[in-house]
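A short worksheet on the structure shown next.
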Amino acid sequence: MEESYLEQRCVIIGGSAGSLQVVQHILNKLKPGFQLPVIIVLHRKTDHTSGLTDVFNYRSTLPVKEAEDKEIINPGTAYVAPADYHLLIEKDLSFSLDGSEKVHYSRPSIDVSFDAASEAFGAGLIGVLLSGANADGTKGLEIIRAKGGISIVQNPASAQVPFMPKHAIESGVAGLVMTAEEISEYLNLL
Amino acid sequence: MEKVVTDQQIEILLNDLLEKYGYDFTGYTRASLKRRINRLFSLDKFPSFAEFRFRLRTDERYFARFIEEITVNVTEMFRDAGFFKTLKEEVLPVLATYPFIRIWHAGCSTGEEVYSTAIFLKEANLLHKSLLYATDLNPAVVSRAAKGMFPLHHLKQYSQNYHQAGGTAEFSSYYTAAYDHVIFSEELRSRMVFSTHNLVSESSFNQFQLVMCRNVLIYFDKELQGKVFALIDESLDPLGFLALGSKESMKMFPIVSRYRQVGKEKIWRKVT
Ligand SMILES: C[S@@+](CC[C@H](N)C(=O)[O-])C[C@H]1O[C@@H](n2cnc3c(N)ncnc32)[C@H](O)[C@@H]1O
C-alpha cells in the first residue's frame with residue numbers, strides 16, 4: 001500500500017486522426033499549477049514536431065516541449081513525442097527514443113509509449129486515448145490497467161474519428177469514457 | 001508486448017552475454033532493450049526464461065540471432081534530407097581541401113547511409129580520393145551492406161530523399177535493378193571498407209576527417225554516450241566533423257566545448 005501511495009503520477013495522452021483539437025482543449029483547460037507531467041503521443045503525417053509544440057504552447061497552461069532523448073521528466077510540463085521515433089520512458093523517469101519498426105503503421109506508436117510509461121509509473125499512470133482511425137492504444141490501455149493505472153477513453157460519440165476509442169471500449173480496456181470537457185475536468189481533480 | 005522477461009532476468013542475461021561472449025550491453029537503455037528482448041522471447045516461443053537463458057548461453061548460433069534481433073537496424077538512404085543537404089553544402093567543400101579523405105560510418109547498419117554519402121562524394125568529384133569505413137556491431141548487417149543490394153520497393157522513397165537533399169542527377173544512374181532488388185554501382189562500392197566493430201569495447205582504429213554515428217547513441221545511456229564521444233574524439237582529425245542522428249546531441253557533454261555546431265543540423269566540427 002505504502003508503495004503505491006508514494007507512486008509518481010503521470011498523464012499520458014495518445015491520439016490519431018481528429019485528436020489535435022482535443023489535446024489542445026485539454027492543455028488549455030488544465031488549471032494553473034497542474035503538477036503532473038503530461039506526455040503526448042500523436043500520429044501525424046508531417047515530420048515537424050516544432051510546429052506542433054508551437055500550436056499547443058499558444059494557449060496551453062503548462063509549458064509544452066518536444067521530449068528529448070535522456071531528458072528527465074519534470075512535473076507540470078507537457079512533452080510531445082518527436083516524429084518518427086518511438087518515445088520510451090525509463091525507470092529513472094527519463095525519456096529515451098527508439099527508431100525500431102513501426103507498430104500499427106505508426107512511429108511514434110501509442111501502444112509502445114503507454115507500455116513503457118506503465119512500466120515506469122505503474123499505478124500512478126493515467127492513460128487517455130483519443131480520436132483516431134487506428135487500433136493503436138488499445139493494447140497500451142490494457143497494460144496500464146493491468147498495472148493498476150487509470151484508463152480513460154474519449155467518448156466515441158464526441159470523437160471526430162470514433163474508430164480508435166471505440167476499438168478500446170469494445171476490447172473492454174476503457175475504465176472511464178468521457179468527452180473532452182470531462183477529461184480536462186477529471187484531470188484537474190487529480 | 002506481453003512482459004515475460006522481467007527486469008531482473010534482463011540483468012541476468014546481460015551478465016551472461018558479457019561473461020560468455022564478451023558483449024557488453026549493460027550501458028544500453030533498458031526500455032528499448034527490454035522491448036527487443038521480450039519481442040525475441042515471444043517470437044521464438046520459449047516456454048520459460050530458463051530455457052531462453054540456457055539456449056543463449058550454450059548455442060553460439062542462437063547468440064548470433066540474438067545480436068541480429070536485439071539491435072535496431074532500421075535505416076534509409078538520405079535519411080533526414082536536410083542533414084545530407086548540409087553535408088553536401090557545408091562539409092564536403094571543406095573535405096575537398098584534403099589530399100585524401102577518410103570517413104567512418106560507426107553503426108552503419110545495412111549501409112544505406114554509406115551509399116548515400118558515396119553518391120554525394122562522387123557528385124563533388126571527391127570519391128576517387130575518399131575511403132569510407134563502414135562498421136557495425138551486428139555482422140549480419142555489415143555483410144548485407146557490403147553487397148550494396150537494397151529492396152526495389154524502397155527506391156522511390158530514396159530517390160525522393162536524394163532530390164530533397166539537393167541531388168540533381170538521375171538517381172537510377174547509380175544502380176541496376178535485378179528482380180526485386182537494386183545493386184549499387186561497383187564504383188561506389190570500391191571506395192568502401194566494411195568490418196564489424198563494437199563501439200562499447202573496441203578502440204579507435206584510424207584517423208578520420210568525418211565520423212558519422214547516427215541513430216546509435218539513443219540506445220546508450222549517458223555514461224556510455226560519454227565514452228563513445230571520447231572514442232570518436234580520439235578518432236577525429238583536429239578539424240574533423242562529427243555527425244549525429246537528428247535527435248542526438250553532444251551539448252550535455254563537457255567535450256562539446258572543443259566543438260562548434262555547423263548550422264542547425266546535428267553536425268559538429270572539432271575546433272581545438
Ligand atoms: C538505427 S541503426 C543506424 C543506421 C544509420 N546510421 C542511420 O542513421 O540510419 C543503428 C545501428 O547501430 C548498431 N549498433 C548498436 N550498438 C552498437 C555498438 N555497440 N557498436 C557498433 N554498432 C552498434 C546497430 O547494430 C544498428 O545497425
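I need a count of the residues in the stretch A:157-166 that are open to solvent by 60 Å² or more (accessible area, probe 1.4 Å) and either small (Gly, Ala, Ser) or in contact with a helix residue (DSSP H, G or I) (Cβ under 6 Å, 6 or more places away or on another chain) (or both).
Qualifying residue count for the region: 2.
Identify, from the list B:SER195, B:SER201, the residue that is within 16 Å of the ligand (Cβ to nearest atom), of a type in the set (Ser, Thr, Tyr) and assigned to a loop (DSSP other than H, G, I, E, B).
Within the list B:SER195, B:SER201, the selection yields B:SER201.
Condition check ((1) on the phi > 0 side of the Ramachandran plot; (2) open to solvent by 80 Å² or more (accessible area, probe 1.4 Å)) across all residues:
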position: B:LEU126; (1), (2): no, no
position: B:VAL142; (1), (2): no, no
position: B:LYS147; (1), (2): no, yes
position: B:HIS153; (1), (2): no, yes
position: B:TYR162; (1), (2): no, no
position: B:GLY166; (1), (2): yes, no
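Can you confirm whether the stretch B:28-41 contains a residue that is part of a loop (DSSP other than H, G, I, E, B) and not polar (S, T, N, Q)?
No, the stretch B:28-41 has no match at all.
Could you figure out which of (1) under 14 Å from B:GLU112 (Cα atoms); (2) hydroxyl-bearing (Ser, Thr, Tyr); (3) within 16 Å of the chain's Cα centre (by Cα) isn't true of B:SER159?
So the condition that B:SER159 fails would be (3).
Within the stretch B:55-115, considering only helices (runs of 4 or more DSSP H) that don't extend past its boundaries, which have at least 1 residues that are out of contact with any Cys (no Cβ under 8 Å at 6 or more places or on another chain) and near the ligand (Cβ under 9 Å from one of its atoms)?
It comes to B:60-70.
Restricting to the stretch B:204-226, and then to whatever is assigned to a loop (DSSP other than H, G, I, E, B) and within 14 Å of chain A (Cβ to nearest Cβ), can you tell me which residue is farthest from the ligand (Cβ to nearest atom)?
Taking the candidates together, the pick is B:ASP221.
Just checking, does the stretch A:94-104 include any residue being closer than 13 Å to B:ARG35 by Cβ, among the acidic types (Asp, Glu) and at the interface with chain B (Cβ under 9 Å from one of its Cβ atoms)?
Yes, the stretch A:94-104 contains at least one residue that is closer than 13 Å to B:ARG35 by Cβ, among the acidic types (Asp, Glu) and at the interface with chain B (Cβ under 9 Å from one of its Cβ atoms).
The values are calculated or read from the model by the stated rules, or taken from the named source; none is laboratory data. All values reported here derive from a predicted model rather than from experimental measurement. Please note: Cβ atoms are built from the backbone with ideal geometry, for glycine as well, and neighbour counts cover all protein chains shown. Each accessible area value is taken on the protein alone, full model and side chains, heavy atoms only, with ligands, DNA and RNA left out. Shrake-Rupley method; radii C 1.70, N 1.55, O 1.52, S 1.80 Å.
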